[in-house]
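Down below is the structure, laid out as structure tokens.
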Amino acid sequence: QVQLVESGGALVQPGGSLRLSCAASGSIFSIGVMNWYRQAPGNQRELVAGITSGGSTDYLDSVKGRFTISRDNAKSTVYLQMNSLKPEDTAVYYCNARIVERSTSPPARYWGQGTQVTVSS
């Protein structure tokens, strides 16, 4: 059973920084693209940042220059470094990954349980 577990969410003041982590565990043959999504109350879930297994990245326009996604393939972990945080970054942040459990299995998408980020003074 594959699991994704996020950590690092907290209450932070505007202008502050946080680092989110998401670790994959269980029966894993390979991990493809890993993403961070977020969902604020009353809003749809949106893709914040993504990173391929080769390290190519992409970002939501509103976080470019402030957020950095990275991954440690040896640890099956993806990170989201968030700097210059704004109140509008407040949301539950979810990790998502495309994982192959066995060499003969098709890839499947897995989600973490979410971690709350609140930006407020």
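The values are calculated or read from the model by the stated rules, or taken from the named source; none is laboratory data. None of the values given here were measured: they were computed from a predicted structure. Methodologically, a virtual Cβ is constructed for each residue, glycine included, from the backbone with ideal geometry; neighbour enumeration extends over all protein chains shown. In case anyone asks, the SASA skips ligands and DNA or RNA and just uses the protein heavy atoms, side chains included. Shrake-Rupley method; radii C 1.70, N 1.55, O 1.52, S 1.80 Å.
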- request: At 7 Å along the Cα-to-beta-carbon direction for both Ser70 and Ser27, put a label point, then send me their distance in nm to one decimal.
  value: 3.3 nm
task: Using the charge dipole of the chain (Lys, Arg: +1 at Cβ; Asp, Glu: -1 at Cβ; taken about the Cα centre), state which of Gln39, Val100, Gln3 has its Cα farthest towards the positive end.
output: Val100
Sparsely packed trypsin sites (Lys or Arg not before Pro) within the range 34-121, loop by DSSP, other Cβ within 10 Å at most 16: Arg45, Lys64, Arg66, Arg102
query: Per residue, how much accessible area does the chain have with a 1.4 Å probe, in Å²?
result: 52 Å²
task: Round to the nearest 0.05 the FRET efficiency obtained for Asn83 and Ser103 when R0 = 30 Å and r is the Cβ-Cβ distance.
output: 0.15
message: If the elastic network links every pair of Cα atoms under 10 Å, which of Asn35, Asn96, Asn73 fluctuates the most in the Gaussian network model of the chain?
response: Asn73
